Every structure is written in C-alpha cells, then in structure tokens.
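Please read the structure below before turning to the comments.
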C-alpha cells in the first residue's frame, strides 16, 4: 500500500475509561504508517497539503476503530476450543497438555500462520501470546507473526514441575532458560519493534522457584516482557500454598522470585486478597482480564473495580482455548456480563458500561502493555493500527435504511460489542498496512 492514503467512516475511540470520541463523517489520513490527520471528512479534506490523497471508502455503513488488543492467549490451544469443560487443573491435564505436546514440527508450521490470520480477521492488531514448551514451535510462531504483519508479544512456555515434556526436571530447568534466552535474543524488538519477547513461566504450580527467578533475571537482562497466570482457580491456590508454605500468599511467591515488574502481564487474578492487590499496584504489574475463559472453566468472577481502584493497568484477553473465540468483541461483552453478575449479589459493585469495556480492549490494553504512546487510540502521530467494521453485518436484517453516521456513537459501539465478530470485519491495518481484507473486498485495489 502506498505511503499516503485516507480512510473514511464513523470513527470511534476511547481516550479515557468510559469516554468516547467520535467523528460521524470521519476521516483519517495515514502517512508512512502513522496517523497524519483525523477529524470530520470535510475538515480533513480542506486541510490537506502535499500530494493528492487516495481515499479508501468502505461505504456509508463503515465504522472505524482502533485495532483491538488481546493481552492473553495461547497459540497451541486454538484447535481445542470448547473442549473438555472442566475446572482448570483437570482441564489442563486432560485437554491442554496433550495438544501442546503435539505442537511442534509440521503441526506448528501448519497452524501458526492460520492463528495469526484468525487474529487479524477478528480485528485484533496486537496480541500477547504463549507458545508451547518447544523452542522450535516458538520460533515458527515468531516467523508466522512476522509474516502476518501483526504486532505480537510471544514467549516459549516454561515449566519444570509436571511438564508434558520428556526431560527430567533438573534438565528442563537449564534447557528452558537457555532456549528462552536464545529466542529472546533472536526475536525481541524485531520487525522494527513490531515483535517482542515474553519470558513465560506458566504458573507457580508447574514452575520451581529457580525457574521463576531465572525467567525474571533474563527478562530484566534483555528488557523483555514477563507473562504468567495468577490466582485463576481455588484448587490452584491450594496447590501453590502447599508448594510454597513460607510465602504470605500466591502473589508473594511471584514477588519473591522477582516476577512482578512494570513489564509483567498477569492472567486472570480472580482470587486476590487486599495485600496482593496492593503489591501488584506497588510493583506496577498489569493484569489481563479473561472473562470468557473464567466463565468456561467456572473459575470465578474477577473484581475488576478493585484492581482499577488500586491503579493497576487492566486489559482484556481471549485466553484461547479456555476462551472459546479470538473475538475480542465477545470478550468485551463477557466482561460487561461478569460485572453485571456481581451486582446481583453486591449492589455496591459498579456496572461496566459498553464504553468502558471498549476502553479495556483498546487504550486500556495498550496501557497495560506499555504501548499507549504508540497504539490504543486514533490520534495524530500514533501508529495506524485500525479495524474497520461493516455495520450492515451487525444491524438486524442487515438494515441499510439509515447511514451509520445517523446513529449515535453509543449505539454504534453497543451493536459492535454485542454483535460484531469476524463476519463484520472489513479490513484490519497495522502501522497502516492492510493485514486482513474481507473476501468481498478482494477485488478492490
């Protein structure tokens, strides 16, 4: 695609939690991968300078949003979504470890490109992802991510207790650390900063203190990310307590190992005490809220407002395969439903509004990943990560009687949160480059 072009549509983003900014007959100009201008179409056209802009007009029913951000998902697991509905630990043993054990060689090479295409088809432009325990499959994942054009943070799964691999625990520890460091050296910051590495100890149930401490040291050494799971399931909490009886609580296990940093993403965080929330806030760690996964496994209802009150950055995660889809619109509505369910038992719990859930999947996710300066909202100077939605595909009866710019921004967004998905994605852009086009647009230049 050329260095200078414009996109038209009903533009909506969320610069703050619960606040929406919109341009009904909107336009944004993308120049060399960044947003050069944004506003109402007539105003943008009047202010144009330099060479004539080529305009991409997806028609009167297009809505334009920042690219969606998935803060927690699993590359090897997508083929077994909706399988083995059980609680976390038996589900891992029976459904997940077997499929991850197979995710190497030809299987990884076949599935990895499809996974990233699915992300783009769902309008996701940035994702933080776990691979399997194998160095080769993580390398294959990075190769596919590089080709996809998406913005990806990826890491090799690390586990030395009860691993599904064939090496003995002492051997696993040294091999896992060495392989992870090699992968980080090869991929962290590549593709002009579009790819990042995350050291990825699975969780305290499957990781020794030495492995967790080693992962934290390597992440600090290389300026890389850390990702793990925390307080997802009550049986998990009991096992962690038995493994680490000297720790004050689950969060203290990670804190003592040095895993809690401003570049740490913690999945789930459902069953946290007050001291743990305060610790996460003090360490400036971030949380990935995974409501579809938490409901599927019956793990619990996360206390979102408690984390936000403490100032902890929170994004949303699809957590495939416990989450049934890579569709972040579905994750947004699940987050709304979870918060609403909590109000049935505690009237003091504030509901989560549509605009707030949307913030978590865009600007909130960018903040949680430390990338708010580059992505998450549609502003001049930011990198042009954009998803375009066909409102005909989300309105009942494919209603074309009204142009989308005749609707309110709240109604446009609500229809997308409750009814959008890959069927409605017209085009997805990362740094201004189209990484997915709906088949109906394939013949267009």
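The values are calculated or read from the model by the stated rules, or taken from the named source; none is laboratory data. Only a predicted model underlies this, so the values are computations on that prediction, with no experimental measurement involved. Note that each Cβ is placed from the backbone with ideal geometry, even for glycine, and that neighbours are counted across all protein chains shown.
Looking only at residues in region 2-22 that are within 20 Å of residue 389 (Cα to Cα) and out of contact with any helix residue (DSSP H, G or I) (no Cβ under 8 Å at 6 or more places or on another chain), which one is surrounded by the most Cβ atoms within 10 Å (Cβ to Cβ)?
Among those that are within 20 Å of residue 389 (Cα to Cα) and out of contact with any helix residue (DSSP H, G or I) (no Cβ under 8 Å at 6 or more places or on another chain), it is 11.
Here's the yes/no breakdown for (1) in contact (Cβ under 8 Å) with a residue 40 or more places away in the chain; (2) outside the structural domain of residue 300 (by TED's automatic domain parsing); (3) surrounded by fewer than 18 Cβ atoms within 10 Å (Cβ to Cβ):
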{"residue": "222", "(1), (2), (3)": "yes, no, yes"}
{"residue": "230", "(1), (2), (3)": "yes, no, no"}
{"residue": "235", "(1), (2), (3)": "yes, no, yes"}
{"residue": "238", "(1), (2), (3)": "no, no, yes"}
{"residue": "245", "(1), (2), (3)": "no, no, yes"}
{"residue": "250", "(1), (2), (3)": "yes, no, no"}
{"residue": "256", "(1), (2), (3)": "yes, no, yes"}
{"residue": "259", "(1), (2), (3)": "yes, no, no"}
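If a residue has to be within 26 Å of the chain's Cα centre (by Cα) and either surrounded by fewer than 20 Cβ atoms within 10 Å (Cβ to Cβ) or assigned to a helix (DSSP H, G or I) (or both) to count, how many in region 143-163 make the cut?
6
So, residue 70, is that one over 23 Å from residue 293 (Cβ atoms), in contact (Cβ under 8 Å) with a residue 12 or more places away in the chain and touching a strand residue (DSSP E or B) at 6+ places or on another chain (Cβ under 8 Å) or not?
no
Which of the residues that make up region 404-436 are assigned to a strand (DSSP E or B), buried (at least 18 other Cβ atoms within 10 Å of the Cβ) and over 18 Å from the mean Cα position of the chain (by Cα)?
426, 427
Would you call residue 196 within 24 Å of residue 305 (Cα to Cα) and at pLDDT 95 or above?
When the stated conditions are applied, residue 196 does not pass them.
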